[in-house]
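Have a look at the structure below, then the notes.
Each value in this text was obtained by applying a stated rule to the coordinates, not by laboratory testing. Fair warning: this is a prediction, and the values are worked out from it, not measured in the lab. Glycine also receives a Cβ, built like all others from the backbone with ideal geometry; neighbour counts cover every protein chain displayed.
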Amino acid sequence: MNLRIQEPQTPRTPDQAAPVGGLAAVTASEPASPIRLFLQSRGNSAIADGAFRWIMLLCALSIFAIVALIANELVVSSKLTLTKFGFKFFVGSAWDPVNEDFGALPFVYGTLVSSLVALVIAVPLAVGVAIFLTEMCPKALRGILSFLTELLAAIPSVVYGLWAIFVLVPLLRGYIDPILIKLLSWTGLFTAPDFGIGMFAAGVILAIMILPIISSLTREVMTAVPYSQREAVLALGATRWEMIRMGVLRNARIGIVGSVILGLGRALGETMAVAMVIGSSPTISKSLLAPAATMASVIANEFAEASDDTYRSALIEIGLALFLVTIVVNICARLLVWAVTRGAPARAT
Amino acid sequence: MNHLASVLAVLATILVIAPLVAIFIDLVYKGTSSLNLNFFTKIPAPVGEEGGGMANAIVGSAVLLGLASLLGIPMGIAAGIYLAEYGRGTKLSNVVRFTADVLNGVPSIVMGVAVYALVVVPSKGYSALAGGVALGIMMIPTVARTTEEMLLMVPNSIREAALGLGVPTWRSMVSITLKTAMPGVITGCMLAFARVAGETAPLIFTAFGNQFWSTSLNQPIAALPLQIYVYALSPYDEWHRLAWAGSLVLIALIVVSVSLVRYVTTRGVLKGAS
């Protein structure tokens, strides 16, 4: 660094650089390179280096600051209902903005059930796709299919919602729901009246949306299973399915659970598509075909029209809860996926 | 059992691909039929009137995304440089990396609520600026993580060569290391861009939407995803058609950028460098 500062005064700069490497000896007889001349015209590098380092550090720390700021803003803005209702906020089921009585239980229920429906539909399909892509698929098809699933992940939520309103909901109402009512009405989960929109429609569109995430992560985890495992199982005389079950799925199970939790994290916070098809009704009903609401959808649908402070504070508190829940879910998922893909993976246990 | 499992796996794949194909066919079929020049040049018509377009929403989205990029890309790249160049292997960088991943998983609606409390309430009004801030914050973690990954792929010999010539550290990072990894970094920026381009939830109560022309930063501004949302939930057929056309335009934008990204990455980002 000291060398650099002296440079402008001494014309013999190239010579000073000579000990650095053999190449420099060649340039010694030539005039200074354009890069060096350009650099010489710039200021003191000791200050610049230090400042640059600090700016980069600041930007890295800003990620912390953002998370802290979000948490702080949410807590401060929801203070009104935090102090007024306390923990009762999450067990009360009244949602009455006119009388300022707020309980978030219907939304917590809606979020949990719609995510659960989505997982029940998506997980077997995602694992099936991952098995097909890693173990059975011809190479040429693999590229196309993984590209298609990537595209599925890139479609905006609002477009899923639009499609769900005009294509999926009529389809469910006309063909699929009647079958479900006929076959499964004894469980109480699928009972008339059926409006098309409701918890089940939200679960189905959520399943379509989280499928790409779960299947691509599962695929990653499954490719991380060493080939020796597969070969060992095959050598024992297993069929392909037995090989997949014992050699691959067994070794990848922790990672698969991690990717499912990551999908759950996405499903919990998914807003627009759900808000458009769930029917926005703050009620708890056993039938999945009845309209409901989730934590995210109630914020999206009611925030802009929430005029008084308590109402707004209640919605922000729901946001705070959603923030905390998704953070916990995401941390769990990351730790699991990380443990599998980075730590000692897939040893025979 | 063996055959049954194979059939099930193939069936699952078909079931997963079917909605995607259906969505694209519906979008193209319903979108193109109402896509015309008016869509790109006119502002929304009042209820009951034929015609009208989404020109203001397209411009509004451009303004919002410009603001978001201005905030998110430099900060994301800087954080990525710190993670890859200064903080390699340190505890601090591990924690920052983890926080970035967590921030990535925060629902966009929560981001909207936070920015509402942070920007909209103090400035006493919905504004384009608030929308840009919300989208910008969402870009930071994605940009930071891809920048870091790309910088880690740059061979050390290049850094050593630059430092050996007496180039100051900061200069070598900006002009040599970052420049070598540029195609990959741009890929990351475009992925982040494509992701926030379709975001609606954080805009509902920050940018708010606008039926008229506005490019002012402290006024509510229209955005394509917001307009699609409002039109999709409206009871008018004409507006439904416009929503489909808007979705087609939005998807085209995103698919083009994602395909471009894929094209660049599969060709080997750093081929020239190593």
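A few comments on the model shown:
- Degrees separating the helix B:2-32 axis from the principal Cα axis of chain B, which is the longest one: 60
- Principal-axis tilt of helix B:237-266 within chain B, Cα atoms, nearest 10 degrees: 20
- For residues of B:233-243, the mean tally of beta carbons on other chains within 10 Å: 1
- Helix-only mean residue ellipticity at 222 nm for chain A, each DSSP H run of n ≥ 4 adding -39500 (n - 2.57), per residue, nearest 500: -20500 deg cm²/dmol
- Computed from point charges on the beta carbon alone (+1 for Lys and Arg, -1 for Asp and Glu), the dipole magnitude for the protein assembly as shown about its Cα centre is near 1780 Debye.
- Average projection area in nm² (convex hull over Cα atoms of segment B:99-154, one quarter of hull surface): 4.3
- Residue B:173 sits among other residues whose Cβ lies under 10 Å from its own Cβ, and their net charge, with Lys and Arg +1 and Asp and Glu -1, is +2.
- Neighbour-count order for A:278, A:254, fewest beta carbons within 10 angstrom listed first: A:254, A:278
- The P(r) of chain A has a tail past 30 Å containing 57 percent of all C-alpha pairs.
- The longest part of chain B holding none of the exposed loop trypsin sites (Lys or Arg not before Pro), meaning those outside H, G, I, E and B in DSSP with at most 11 other Cβ atoms within 10 Å, is B:125-266.
- Taken over segment B:35-170, the percentage of Cα pairs per 5 Å bin, counting from 0 up to the bin with the maximum distance, is 2, 9, 13, 14, 13, 12, 11, 8, 6, 5, 3, 2, 1, 0, 0.
- Net dipole in debye of segment A:217-302 [+1 Lys, Arg Cβ; -1 Asp, Glu Cβ; about Cα centre; nearest 20]: 300
- The residue among B:176, B:41, B:118 whose Cα reaches farthest toward the positive pole of the charge dipole of chain B, with charges on the beta-carbon of Lys, Arg, Asp and Glu, is B:176.
- Shielding by partners, peptide A:118-124 (average Cβ within 10 angstrom, other chains): 1
- For A:272, B:75, A:136, the sequence from fewest to most other C-beta atoms within 10 Å is A:136, B:75, A:272.
- Protection proxy ranking, peptides A:186-194, B:53-61, average beta carbon neighbours within 10 Å, highest first: B:53-61, A:186-194
- Span-rule helices in chain A, defined as complete DSSP H runs reaching 15 Å or more along the axis (Cα) with Kyte mean at least -1.0: A:45-77, A:105-131, A:139-154, A:199-223, A:250-269, A:309-341
- The alpha carbon convex hull volume per residue for segment B:121-237 rounds to 141 Å³.
- Loop-located GluC sites (Glu not before Pro) across segment B:47-127 with a Cβ neighbour count of 10 or fewer within 10 Å are B:49, B:50, with loop assigned by DSSP.
- Helical content of chain B, expressed as a calculated mean residue ellipticity at 222 nm, amounts to -21500 deg cm²/dmol (DSSP H runs of 4 or more residues, -39,500 (n - 2.57) each, divided by residue number, nearest 500).
- Computed E for residue B:90/residue A:153 - FRET, C-beta separation, R0 30 angstrom, nearest 0.05: 0.40
- Convex hull volume per residue in cubic angstrom - Cα atoms of the protein assembly as shown: 198
- Spacing of the modelled spin labels on residue A:72 and residue B:41, each 7 Å from Cα toward Cβ, amounts to 5.1 nm.
- Per-residue mean of C-beta atoms belonging to partner chains within 10 Å, peptide A:67-73: 5
- Cα Rg over Rh - chain B, Kirkwood: 1.05
- Under the simplified labelling scheme, the residue B:28-residue A:308 pair shows an inter-label distance of 5.4 nm, with each label point 7 Å from Cα along Cα→Cβ.
- Positive-pole candidate from A:151, A:247, A:98, dipole of segment A:84-341, charges at beta carbon: A:247
- Amide hydrogen neighbours beyond the local backbone of residue A:95, cut-off 5 Å, H modeled: A:103
- Charge dipole (chain A, unit charges on Cβ, about Cα centre) - positive-most of A:313, A:137, A:110: A:137
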